[in-house]
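The values are calculated or read from the model by the stated rules, or taken from the named source; none is laboratory data. Treat the numbers as computed from the prediction; the structure is a model and nothing was measured. Here the Cβ positions follow ideal geometry from the backbone for every residue, glycine too, while neighbour counts run over all protein chains shown. The accessibility values were calculated without ligands, DNA or RNA, using every heavy atom of the protein model including side chains. Shrake-Rupley method; radii C 1.70, N 1.55, O 1.52, S 1.80 Å.
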Amino acid sequence: MFDDNKALKGTSGQVFLNNTLLAEINKINIKMTGQYEDFAPVGDYCSHHVYVGYDGEGTLEGARVNTGIDAELIEHYQNGTTPDLKIYSNLTDPNTGKTEKYMVSGVQFTEISPVDWEAKKLVTRSMPFTFTAIKVLSTID
């Protein structure tokens, strides 16, 4: 039988960009997509798929509470420089106190939308990114 108390809830999560808590974030997605190359050996009618690497990407979404991140990224884009960014994600199970933690490094934000708002609407932002490495810091068992 399913125990409702064991379901993880995003409300107990935190997101940090380097060492800065992004309290305005209400959604984070980090995913790895495997890269495979098709291979058809002689005498085998089956196509084989050989793992050759992965792509790391994700998105941060939430309310826009400041424009400092946008200004910093615009400056880096225009100067051709690459900031050294890491994203830390923590999600705690309030019933057990156990926490899963991940850290992605080599973060590059692939889009900047410094102006995106509408009258009578909460101003939000979506920040897609890529990353080059992911580390599991702790898991919930």
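So the values come out like this:
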item	result
Any chance ASP84 is among the acidic types (Asp, Glu) and exposed (fewer than 12 other Cβ atoms within 10 Å of the Cβ)	yes
Residues of segment 30-56 that turn out to be touching a Ser or Thr at 6+ places or on another chain (Cβ under 7 Å) and open to solvent by 70 Å² or more (accessible area, probe 1.4 Å), as a count	4
Test: ASN5 is outside any strand (DSSP E or B) and either at pLDDT 95 or above or at negative phi (or both)	yes
Subset of segment 127-141 [open to solvent by 60 Å² or more (accessible area, probe 1.4 Å) and under 17 Å from VAL65 (Cβ atoms)]	none
Extreme residue, most open to solvent (accessible area, probe 1.4 Å), among residues of segment 102-121 that are aliphatic (A, V, I, L, M), under 18 Å from LEU22 (Cα atoms) and modelled with pLDDT of 95 or more	MET103
